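Taking it in order: structure first as structure tokens, then the write-up.
What follows is calculated from the coordinates using simple rules that are stated; it is not laboratory data. Since the model is a prediction, treat every value here as computed from it, not as a measurement. Methodologically, a virtual Cβ is constructed for each residue, glycine included, from the backbone with ideal geometry; neighbour enumeration extends over all protein chains shown.
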């Protein structure tokens, strides 16, 4: 009887270790597999909003996870989970799972209520929903006149296609800025699109490359301020002559200030020289005048002596 109980106890212990080992192996395998999706392909929104889902399906948000560029960069980063915070919807760092690939409806509109419809979902969540991922652009926008005028991102950008709301794009600016300033810069650049100068940034390929390599969000020019690179990009020859291909702008400013100081010195010296020449002329004139008067007086005395 004792042997039987020992057999049962031993079997239970062995089975317990087996279960623990299986769980550890399962968790290890899951971690090695990387982040996984907890949801099937979404289709609930498309049942009613077919046109919107169709326009979204080819957008940068929809392909944020599946695009070849992201997959390549993500692979180079060792499939870092932090990338999925913006490139998937509903990512959990704790479980390394996400609800949907790409930026799906819930990322902006929040979770759909169980009784929708008739219960409503958030239609315009505001600029904060863009801030979470587009950090640099949001910071620039906060410094712009657009932010002062309380113009959110969706004023210019269609949220589902992520394209500008007007084509050609300059028409978008002219909807508010109907009177183009009659300044020299605007008159001489009539053929340029407003954004070429006021929303200047690097090319899309360069922006993607920087983000893929560093994870940083490069500036996109949404402060709407014209910066020197916007001019240099077109006036390359002039900038090369000015910068000598190597001279930094700060050094150039110092050189300009030094040249101005030298010019002021020369002007001062010229002014001093003019004063000196005037004084010398005055002294010389007095000497000459005195000599002439001496000759006149001497002549007068001789004339008086003869008489």
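For this structure, a couple of remarks:
- Packing here is the average count of other Cβ atoms within 10 Å per residue, and on that basis the peptides 205-216, 190-201, 95-106, highest first, run 95-106, 190-201, 205-216.
- Here r is the Cβ-Cβ distance between residue 149 and residue 49 and R0 is 25 Å; the resulting FRET efficiency, rounded to 0.05, is 0.25.
- Normalised by the number of residues in the range 140-228, the average gap of Cα pairs under 8 Å and 6 or more apart makes the relative contact order 35 percent.
- Whether the range 94-144 is rounded, prolate or oblate, judged on the alpha carbon gyration tensor where a/c under 1.5 counts as rounded: oblate
- Extent along the principal axes, Cα only, for the range 32-112: 38, 26, 18 Å, with the longest axis given first.
- Residue exposure sequence - 163, 88 - by fewest surrounding Cβ within 10 Å: 163, 88
- A full extension of the chain between residue 290 and residue 178 corresponds to an added length of 32.5 nm, given 0.36 nm per residue minus the alpha carbon distance.
- Extension gain, residue 185 back to residue 236 (0.36 nm per residue minus Cα-Cα distance, nm): 16.7 nm
- Once you reduce the range 43-83 and the range 137-191 to the center of their Cα atoms, the two points are 27 Å from each other.
- The order of the peptides 222-235, 167-180 by mean Cβ neighbours within 10 Å, most packed first, is 222-235, 167-180.
- Percent RCO, i.e. relative contact order, over the range 32-112, from Cα pairs under 8 Å lying at least 6 residues apart: 37
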